[in-house]
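The values are calculated or read from the model by the stated rules, or taken from the named source; none is laboratory data. Remember, it's a predicted structure, so these values are computed and weren't measured experimentally. For neighbour counting, all protein chains shown are included, and Cβ atoms are generated from backbone atoms with ideal geometry for every residue, glycine included.
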């Protein structure tokens, strides 16, 4: 009886600690695997790959003017990524606190952050990002003295100008959509006015209905009536 | 960007020997790559088309070609005088022209300048549209103007309220005017908000 009372708690503790250890290691392994397989926040860095591919093309050799343009594109993409992360950080943190986004998206985001700017853990990835900016600066100075001083400024303006142009491109689309809505609304109003006076005027209803399609139910009904 | 710093992916591209344009090999059909190549070729063409650039390097965004700015400003002034003469559709055309000129500025020029020109031109064009009761077009223009500059742009906020009110969207007009008033008090904005609120309370 005495022996048992000593062994029992020992066994209990060993089993408990063992289970916890196994669970913990399994959990961590799974989590690490999951983190590793997460899609990177940004897609492939095309402009970097294009620049380096062109730089190494021999037959025929790519002229400097194209290489310079390609380097500007590469710097632009680097800056765009940094700006995106800075802007996304605040709003993402808020969303996470409110529970609107899952931990998965958050992990992806922090990985991306570490890739480009100073993060906490991923020192290797930080080194990659710093190296990328340094590489671009070095390439720039290779083309023209002191270009490194202004290439990122130019890149920043290009990023901003691209955003402004994208917004400007939406204007015509929005105007067209609003115009459709407004014409329909006016037609509907005039039809209602006419409808009160001459309800059996099927031709008018059909022609305006097919253009506006504001009250599809009514129009199909009238159309059917006309056909028979 | 998780890739290492000293390796890169060779992308399937080649240079057209005559046009010097970079194009994807026929075997590739990656739309993102095609888009990036188009952007690259456009940038290269723009860099070549500016006579002041002799070394193929975009100048730092501290200086701008004065010619384009002067042209845009003149076009805007012509639009303004057409507007004053109540030639509204002519004014719309002139402002549209000025907008196109601003949008074709070289992309490396200071973006603050572009933003400034555009928010003004869109607000002006909206006013010309309002002159001929083109409420939907005017609304699209002021929306852009406000997106480009929210603070210190009370005219655009007022015009947005006006368009929505005229189209019978009083709730939206109320929201737009209240939003505009967040960026500073303005008697005309407050006046229209009062009108809209009166219409809304009558309805209930």
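Just a few scattered comments:
- Only listed residue being more than 10 Å from every other protein chain (Cβ to nearest Cβ) and within 16 Å of the chain's Cα centre (by Cα), chosen from B:82, B:144, B:156, B:112: B:156
- Identity of the residue in segment B:5-31, in a loop (DSSP other than H, G, I, E, B) and under 33 Å from the mean Cα position of the chain (by Cα), that ends up nearest to residue A:47 (Cα to Cα): B:30
- Filter result for residue A:189 (more than 30 Å from residue B:44 (Cα to Cα), surrounded by fewer than 12 Cβ atoms within 10 Å (Cβ to Cβ) and either more than 7 Å from every other protein chain (Cβ to nearest Cβ) or at pLDDT 75 or above (or both)): yes
- Matching option when the condition is in contact with a helix residue (DSSP H, G or I) (Cβ under 8 Å, 6 or more places away or on another chain), part of a helix (DSSP H, G or I), at pLDDT below 95 and not assigned by TED's automatic domain parsing to the domain that holds residue B:169, among B:113, B:118: B:113
- Qualifying residue in segment B:44-61 (condition: closer than 18 Å to residue B:116 by Cα and not assigned by TED's automatic domain parsing to the domain that holds residue B:130): yes
- The set of residues in segment B:83-110 that are free of Cβ contacts under 8 Å to residues at least 24 places away in the same chain and surrounded by fewer than 23 Cβ atoms within 10 Å (Cβ to Cβ) comprises B:84, B:85, B:87, B:90, B:93, B:97, B:100, B:103, B:104.
- Residue in segment B:44-52 that is outside any helix (DSSP H, G or I) and within 7 Å of chain A (Cβ to nearest Cβ) present: no
- Of the numbered criteria (1) within 28 Å of residue B:146 (Cα to Cα); (2) touching a helix residue (DSSP H, G or I) at 6+ places or on another chain (Cβ under 7 Å); (3) without any contact (Cβ under 8 Å) to a residue 40 or more places away in the chain, the one residue B:67 fails is (2).
- Of all residues in segment B:122-141, those satisfying the criterion of being within 13 Å of the chain's Cα centre (by Cα) and over 24 Å from residue B:187 (Cβ atoms) are B:125, B:140.
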